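Every read-out reported here was derived from the displayed coordinates using simple, explicitly stated rules and does not represent laboratory data. From a predicted model like this one, the values you see are computed outputs, not experimental measurements. Glycine also receives a Cβ, built like all others from the backbone with ideal geometry; neighbour counts cover every protein chain displayed.
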Amino acid sequence: MKVKIGAFLGGALFGVGLAVAGMTQPAKIVGFFDFFGSWDPSLAFVMGGAIIVYTPVYRWAIRTWQRPVWAPAFSLPTRSDIDGRLVLGSAIFGVGWGLGGYCPGPAFTSVGARSEEALTFGLAMLIGVGGYQLFMRMREKRSGGAVDAQAAAMIDG
């Protein structure tokens, strides 16, 4: 239960931060990606502010604590975690974010504000995630076992 409370509180804080910064407005995101038009740098300031706050706190936490408050251990990515699937997924995510003006956090924050556009985006995103999981399950059944450990972990949630 502690993990769920921590995830809820972190997600709520993230959502409030997005809303306060205006990052739930697709026009802000699209404006950030409009490098040759009327570029809006506000997203860069939000990301920069997040990095400025996160970096010293993270460095302090990994030196000071044995483990995170709501997790059994710190999970630090390694170079082997960066593979073709991660790069391809990141590229697809970026294109969707640039075209739609939403990423999952702002989309769900905007759904709470009853935005029809955000609801459409959120439903399409959930259909995409569900379709991928269905595809991976079918692929796993055909191969007679887990396709790979990462895919199995994603399917199991």
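Quote the charge dipole size of region 2-114 about the Cα centre in Debye, to the nearest 20; the model charges only the Cβ of Lys and Arg (+1) and of Asp and Glu (-1).
Using Cβ point charges on Lys, Arg, Asp and Glu, region 2-114 gives about 500 debye.
At a 10 Å Cβ-Cβ cut-off, how would you order 30, 16, fewest neighbours first?
Fewest-to-most ranking of 30, 16: 16, 30.
Over region 15-140, what per residue volume does the convex hull of the Cα atoms give, in whole Å³?
On the way: hull volume 21.2 nm³, N = 126.
Spread over its residues, the Cα hull of region 15-140 gives 169 Å³ apiece.
In what sequence do 42, 80, 90 fall when counting other Cβ within 10 Å, fewest first?
80, 90, 42
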